[in-house]
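Here's the structure we're looking at; comments come further down.
The values are calculated or read from the model by the stated rules, or taken from the named source; none is laboratory data. Small disclaimer: the values here were computed from a predicted structure and weren't measured. Cβ placement follows ideal geometry from the backbone for every residue including glycine, while neighbour counts extend to all protein chains displayed. Note: accessible area is taken over every heavy atom of the protein model, side chains too, but ligands, DNA and RNA are not part of it. Shrake-Rupley method; radii C 1.70, N 1.55, O 1.52, S 1.80 Å.
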Amino acid sequence: MKTVYILHTGGTISMKEDMATGSVTPDIQNPLHRSTSSVSGMANVIVEEAFHLPSPHITPKEMLILSRKIRDKINEGKIDAVVLTHGTDTLEETAYFLDLTVHTDIPIVLTGAMRSSNEIGSDGPYNFISAVRVAISDGAKGKGVLVVMNDEIHTAENVTKTHTSNVATFQSPQYGPIGLITKRGVSFHHMPTEHEFYPVNQIDKQITLLKAYAGMDDHLFRAVASMNVDGLVIEALGQGNLPPLTIPGIQLLLERKIPIVLVSRCFNGIAQDVYGYEGGGKQLKEMGVIFSNGLNGPKARIKLLVALHVTTNHDELQQLFNH
């Protein structure tokens, strides 16, 4: 049997609901420990509780710790796959961080739950078993970090949480899942064509994320300029446009050599320098704003956070975000 390194980090999958108040909080003991026996017939398991945190408490520092743990365990040469349980609110960001910072063909699979361990229809144990099934499947090798939820397999780069409570919340807009889990097995129907890797051993950059809106002016950009930030990501309008009153603040940031990455606030499509009016994508690109190729705002922030530890050169950053 294959050996799977299981890392628990907390989240709803490890919580329970107070039936009197409806409050969902971390359980004293992770209920997934009881589920480990369910996979013992499928794989040899090495279980570690890295954290016991709800996912809004996860920061890039915890993500780097997880990346190091996984890299160290892979370097020991004693594991065939990794399964990581995580809260769903920031699961996609941790998944993408690991995808960028762990260089391996060994399957790394993240999963979580939308219903706590004692709720009716709890999805945690099922998702956990499904994640192990995917991790030990031969087809999962070499596909980068994967997210398994609700019988679907998604790539870390494309998956996002689309619903606050539905068990089918994780979707890959525009691309769809790359595989399915059925009672009979794990099936992949397509795979990523490229994979990026950034060798980082520290995370100490400060990256801010702003979302554009109708009538936006530059006061938020000036506030960012007064802060100790290393970069900014903007979720812009449409194909990559901003209201004209934002331009002076953006120019101020660029003059201070703060890289600005632009994505669209739309969840389908790619930001491009198409429109030539004031605040349009062409003007922003000419000013030095970096356009990202299809990432959402939180993931563009993770990528800039990682990329700035590799290069601060504008042209190199633009090339990285063209992938």
Legend entry - Stokes-Einstein D in µm²/s, Kirkwood radius over Cα pairs - the chain at 10 °C with 1.306 mPa s viscosity: 77 µm²/s
Inset, instruction - Using only the Cα atoms of the range 156-309, each taken as one equal point scatterer with no solvent, compute I(q) by the Debye sum, divide by I(0), and report log10 of the ratio at q = 0.15 Å⁻¹. - result: -0.85
Legend entry - Cα lying deepest toward the dipole's positive end in the range 149-239, options Phe221, Ala156, Gln202, charges on Cβ: Ala156
Legend entry - Equivalent ellipsoid semi-axes - Cα gyration tensor, the range 82-124, angstrom: 25, 11, 5
Inset, instruction - Could you pull the Cα extents of the range 20-115 along its three principal axes, largest to smallest, in whole Å? - result: 48, 34, 18
Inset, instruction - Averaging sequence separations of C-alpha pairs under 8 Å and six or more residues apart, then dividing by the length of the range 146-203, give the relative contact order as a whole percent. - result: 26 percent
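With both bridge residues required to lie in the chain, what share of the DSSP beta bridges run antiparallel, to the nearest 5%?
Approximately 35 percent, going by the DSSP bridge assignments.
Rounded to the nearest 0.05, what FRET efficiency do Thr162 and Asn44 have when you use their Cβ-Cβ distance and R0 = 41 Å? Could you put the intermediate results ahead of the total?
Values: r = 35 Å, r/R0 = 0.86.
It comes out at approximately 0.70.
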Legend entry - Degrees between helix 297-307 axis and first principal axis of the chain (Cα, 0 to 90, nearest 10): 90 degrees
Inset, instruction - Only residues of the range 216-233 count here: report those whose backbone N is under 20 Å from the spot 7 Å along Cα→Cβ of Thr311, or say none. - result: 230-233
Legend entry - Antiparallel DSSP beta bridges within the range 1-93, percent to nearest 5: 20 percent
Inset, instruction - Could you tell me what percent of the accessible area of the range 166-211 is made up of carbon and sulfur, with a 1.4 Å probe and every protein chain present? - result: 50 percent
Legend entry - Gain on full stretching of the segment that runs from Thr182 to Lys78 - 0.36 nm per residue minus C-alpha separation: 34.6 nm
Legend entry - Accessible area of the range 248-311 belonging to carbon and sulfur atoms, whole % at 1.4 Å probe: 48 percent
Inset, instruction - Apply the Karplus parameterisation 6.51 cos²θ - 1.76 cosθ + 1.60, with θ equal to phi minus 60°, to every residue of the range 49-62 and state each ³J(HN,Hα) to the nearest whole Hz, in sequence, with x for glycine and proline. - result: 9, 5, 9, 9, 10, x, 5, x, 8, 6, 10, x, 5, 5
Legend entry - Carbon + sulfur, % of accessible area of the range 1-48 - ligands and nucleic acids excluded, 1.4 Å: 52 percent
Inset, instruction - Please give the helix 124-135 orientation as an angle from the longest Cα principal axis of the chain, in degrees from 0 to 90, rounded to the nearest 10. - result: 80 degrees
Legend entry - For Val83, residues with placed amide H under 5 Å, excluding near neighbours: Tyr5, Ile6, Leu7, Val109
Legend entry - Full-stretch length increase - Gln174, Lys211 - with 0.36 nm per residue and alpha-carbon distance subtracted: 11.2 nm
Inset, instruction - Scan the range 163-216 for trypsin sites (Lys or Arg not before Pro) in coil per DSSP, keeping those whose Cβ has at most 13 other Cβ atoms within 10 Å, and list them by number. - result: Lys183, Arg184
Inset, instruction - Pop out the ³J(HN,Hα) list for the range 212-217 in order, Karplus 6.51 cos²θ - 1.76 cosθ + 1.60 with θ = phi - 60°, rounded to Hz; leave Gly and Pro as x. - result: 6, 8, 4, x, 4, 10
Inset, instruction - State in Å² the accessible area per residue of the chain; use a 1.4 Å probe, count heavy atoms of protein chains only, and round to the nearest integer. - result: 45 Å²
Legend entry - On Cα atoms only, tilt of 91-101 relative to the major axis of the chain in degrees: 80 degrees
Inset, instruction - For the range 140-196 and the range 258-300, write down the distance between their C-alpha centroids in whole Å. - result: 26 Å
Legend entry - Over the range 66-154 - Rg/Rh using Cα atoms and the Kirkwood inverse-distance radius: 0.97
Inset, instruction - For the range 112-162, count all C-alpha to C-alpha pairs, find those more than 11 Å apart, and express that count as a whole percent of the total. - result: 70 percent
Inset, instruction - At a Cα cut-off below 20 Å, give the lysines reachable from Lys299, other chains included and same-chain residues fewer than 8 away excluded. - result: Lys61, Lys143, Lys161, Lys205, Lys211
Legend entry - Loop-located GluC sites (Glu not before Pro) in the range 75-182 whose Cβ has at most 10 other Cβ within 10 Å (DSSP): Glu76
Legend entry - Sequence-separation-based contact order of the range 248-323, relative, with Cα cut under 8 Å and 6+ spacing, percent: 30 percent
Legend entry - Relative contact order of the chain, defined on C-alpha pairs under 8 angstrom at six or more residues apart (%): 14 percent
